[in-house]
Amino acid sequence: MRRPYLRASLLGAVDGVISSFVIVVSASALHSASARTVVLVVGGASLFGDAFSMGASEYLSSSSEQYSGSRAGEEGGDTPAPWKLGLACLGSFLLAGSLPLALYTWTKAVVSTALFSLVELMLLGALRTRVSGEGLLKGVLQTSSVGGVAGLVAWLVAVAVLRLEEEQR
């Protein structure tokens, strides 16, 4: 993978894993027979909506970055077109983000999905360090920690909202 596409692809992939995992964890807090349906409906809609948002955001940020660089007289040389970076971000979000949803749909196991998502984030962290030159442990721990904290926050919020709802009944 060429270096300019790596940033957009890693951005999309990491956010895709975190977004899908957060949906699985928060919806599974329902502890009902309909949790699978909620995960599929909300997860699927979020996966594609967020993928489009990530791709569009990458396009906009790349366009602005290239424009400001060209105005400052910097050479853009090897920089891909913003729409290509946007597509790289969108595609990696869809690919990486669909894996936790698919696993949960197949297994209906939150713990397995959480562990799989953690491994997926670790692999993405390792890929990041391979290109950036950062230390492997640092990249793996940073990327997996961000995802783990996001999942924990989502689960805690879901549990708190459900408790509030139950108290008001």
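Each value in this text was obtained by applying a stated rule to the coordinates, not by laboratory testing. Everything numeric here is computed off the predicted structure, so don't read it as measured data. Cβ sites come from the backbone with ideal geometry, for glycine too, and all protein chains shown count toward neighbours.
How far apart, in nm, are two points set 7 Å out from the Cα along the Cα-to-Cβ line at Ala109 and at Val153?
Here the answer is 2.9 nm between the modelled labels.
Subtracting the Cα-Cα distance from 0.36 nm times the residue separation, let me have the gained length for Glu166 to Ser132 in nm, one decimal.
Length gained between Glu166 and Ser132: 7.4 nm.
With the crude spin-label approximation of a point 7 Å out along Cα→Cβ, what separation in nm comes out for Arg36 versus Ala102?
The modelled label-to-label distance comes out at 1.8 nm.
Put a dot 7 Å past each Cα toward the Cβ at Asp78 and Leu95; how far apart are the dots in nm?
2.0 nm
Taking K and R as +1 and D and E as -1, what net charge do the other residues with C-beta under 12 Å from the C-beta of Val24 add up to?
Charge balance in the 12 Å sphere: +2.
Are there GluC sites (Glu not before Pro) in the stretch 118-169 that DSSP marks as loop and that have at most 15 other Cβ atoms within 10 Å, and which are they?
Glu134
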